[in-house]
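The values are calculated or read from the model by the stated rules, or taken from the named source; none is laboratory data. This is a predicted model, so every value here is computed, not measured. Cβ placement follows ideal geometry from the backbone for every residue including glycine, while neighbour counts extend to all protein chains displayed. Only protein heavy atoms, including side chains, enter the accessible area calculation; ligands, DNA and RNA are left aside. Shrake-Rupley method; radii C 1.70, N 1.55, O 1.52, S 1.80 Å.
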Amino acid sequence: MQKVLIGGGTGLIGNRLSELLAKEGYEVRHLSRRANPTAKFPAFEWDPNAGNMDKAALEGVDYVINLAGAGIADKAWTEKRKQVIIDSRVKSNALLFNSIKERGKKVNAFLAASAIGYYGDRGNTELTESSTPGTSGFLVESCVAWEAALKPISSASERHLIIRIGIVLSTKGGALEKMLIPFKFGMGNYFGDGQMYTSWIHIDDICRLFIAGIKNENMSGIYNGTAPEPVTGKALAYAIKEAKESNALVMPVPEFALKIGLGERVEMLTGSARVIPKRALESGFQFEHADLVGALRDVMQSGK
């Protein structure tokens, strides 16, 4: 049985990915702040800030996936918080790299998360994996630093993949969970003029893309973890309304109000990134949830 070690395994994507990997016959283990050898997915202790990790975590491991990183939206972007966000990504990848090198044996593949924030605010321009990074904003800054930390990984793995993840559709966390709240009160919202592009992906499809990255030995390099058809923010709000079969009134939230409430974090909601998963499609990856309304119905009805 092949073994997969996941950093950030208890997060939104990590939880579902662990379940799907186990169904595929992989032995899954996690890295965590606290060791828990009796958990469903045994957890080994690590502390990326201190540069410490239980080396037993890597014993017999064939694949490493790193999803770890402090939440982008959780707290105000003070200078201190910004550094925490960047360090959590850079230091966790550095610790995994150093630990694999110390082990003295490469892993079959190292798969790491990044985010479509790499592209910045680009209007309606179609963006593929070969597109340049954005030129301004903290999301760009953090993603560029995140990916730069992964450059040495090729010397510790036979293959390495970086998956730039879009807005993950799930009712258990992330943006959709928050977008559903106003619908409970008969309202739906989009931000600004609603013309900013949202590049989304169903929780199962992003997990399946990581699994494809393990299984398909021809896959390496950068991949966009988004569904093939991004939509505007306004279209997303109306798609939620349709999926819920709701009579909610869909209304815009003015950008100035967002800035008052969120400060610099407003770029998460008002930036436009029309991201296309060109390389995933070229690899033969099949999206099970390429239709937005269908994807929304699936996560809402299944509780994924």
Under 9 Å by Cβ, and 6 or more places apart or on different chains, what pairs join a residue from the range 282-300 that is without any contact (Cβ under 8 Å) to a residue 40 or more places away in the chain with one that is open to solvent by 50 Å² or more (accessible area, probe 1.4 Å) and assigned to a helix (DSSP H, G or I)?
Q286/R208
For I85: the one exception among (1) of a type in the set (A, V, I, L, M); (2) closer than 30 Å to V140 by Cβ; (3) open to solvent by less than 30 Å² (accessible area, probe 1.4 Å); (4) in contact with a strand residue (DSSP E or B) (Cβ under 8 Å, 6 or more places away or on another chain)
(4)
Write out, first by first residue and then by second, each pair whose Cβ atoms fall under 8 Å of each other, whose residues are 6+ apart or on separate chains, and whose first residue, in the range 184-198, is closer than 12 Å to K241 by Cα while the second is of a type in the set (K, R).
G188/K241; Y190/K234
Just to be sure before I move on: is V168 touching a Phe, Trp or Tyr at 6+ places or on another chain (Cβ under 9 Å), open to solvent by less than 20 Å² (accessible area, probe 1.4 Å) and part of a strand (DSSP E or B) in the structure I sent?
yes
Identify the single condition in (1) among the β-branched types (V, I, T); (2) open to solvent by less than 40 Å² (accessible area, probe 1.4 Å); (3) touching a residue at least 40 places away in the same chain (Cβ under 8 Å) that V90 does not satisfy, given that it satisfies every other one.
(2)
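Output the residue which, of all residues in the range 25-42 that are of a type in the set (D, E, K, R) and either within 21 Å of the chain's Cα centre (by Cα) or part of a helix (DSSP H, G or I) (or both), is nearest to N66 (Cα to Cα). Steps first, please.
Narrowing the range 25-42 to residues of a type in the set (D, E, K, R): 27, 29, 33-34, 40.
When the remaining residues are screened for being either within 21 Å of the chain's Cα centre (by Cα) or part of a helix (DSSP H, G or I) (or both), the result is 29, 33.
Numbers: R29: 12, R33: 14 Å.
Applying the filter and picking the extreme gives R29.
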Of all residues in the range 124-146 being in contact with a strand residue (DSSP E or B) (Cβ under 8 Å, 6 or more places away or on another chain) and closer than 13 Å to A273 by Cα, which is least open to solvent (accessible area, probe 1.4 Å)?
L127
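Which residue is farthest from S92 (Cα to Cα), if the candidates are limited to the range 53-65 and must be outside any helix (DSSP H, G or I) and in contact (Cβ under 8 Å) with a residue 24 or more places away in the chain? Full working, then the answer.
First pass over the range 53-65, keeping only residues outside any helix (DSSP H, G or I): 53-54, 59-65.
Next, only the ones that are in contact (Cβ under 8 Å) with a residue 24 or more places away in the chain stay: 53, 60-65.
Details: M53: 10, G60: 20, V61: 17, D62: 18, Y63: 16, V64: 12, I65: 11 Å.
Within the range 53-65, the match that is farthest from S92 (Cα to Cα) is G60.
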Looking at the range 70-87, which of its residues are of a type in the set (V, I, T) and either under 15 Å from the mean Cα position of the chain (by Cα) or not in a loop (DSSP other than H, G, I, E, B) (or both)?
I72, V84, I85, I86
Please go through the range 147-165 and give me each residue that is touching a Lys or Arg at 6+ places or on another chain (Cβ under 7 Å) and either open to solvent by 30 Å² or more (accessible area, probe 1.4 Å) or assigned to a strand (DSSP E or B) (or both), ordered by number.
S157, E158
